[in-house]
Amino acid sequence: MDIVQESAVLEFENGSVSVEDLTERLKPQLLGIPAISAVLNLGTGEQLSFLECFNRGYITNEVALMFLEAQVSAFLASVHF
């Protein structure tokens, strides 16, 4: 899978697309998918935060920390992009 389509490169090279437009087009590929913000209990439809899942014993401390670190990383990447 190519991150940048050839047509986008050609549009950029001939000046019909600005750097800002191309950057905006590429944000999803460069930043990845949005971070997971909650856990959905499929049985009840309830949305739970990672802390709630941890407190209820659904996930371990290590898993909760892993998700929270991923959230922070995704946020920092989006702020500094």
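Which of the residues belonging to the stretch 1-37 are in a loop (DSSP other than H, G, I, E, B), at pLDDT 85 or above and surrounded by 11 or more Cβ atoms within 10 Å (Cβ to Cβ)? Spell out how you get there, then give the answer.
Residues of the stretch 1-37 that are in a loop (DSSP other than H, G, I, E, B), as a first pass: 1-5, 14-18, 32-37.
From what's left, at pLDDT 85 or above: 14-18.
Of everything in the stretch 1-37, those that are in a loop (DSSP other than H, G, I, E, B), at pLDDT 85 or above and surrounded by 11 or more Cβ atoms within 10 Å (Cβ to Cβ) turn out to be Val17, Ser18.
For the structure I just gave you, tell me whether Phe50 is farther than 29 Å from Val4 by Cα, surrounded by 12 or more Cβ atoms within 10 Å (Cβ to Cβ) and modelled with pLDDT under 90. Yes, satisfied.
The values are calculated or read from the model by the stated rules, or taken from the named source; none is laboratory data. As the structure is a prediction and not an experimental result, all values here were calculated from the model. Note that each Cβ is placed from the backbone with ideal geometry, even for glycine, and that neighbours are counted across all protein chains shown.
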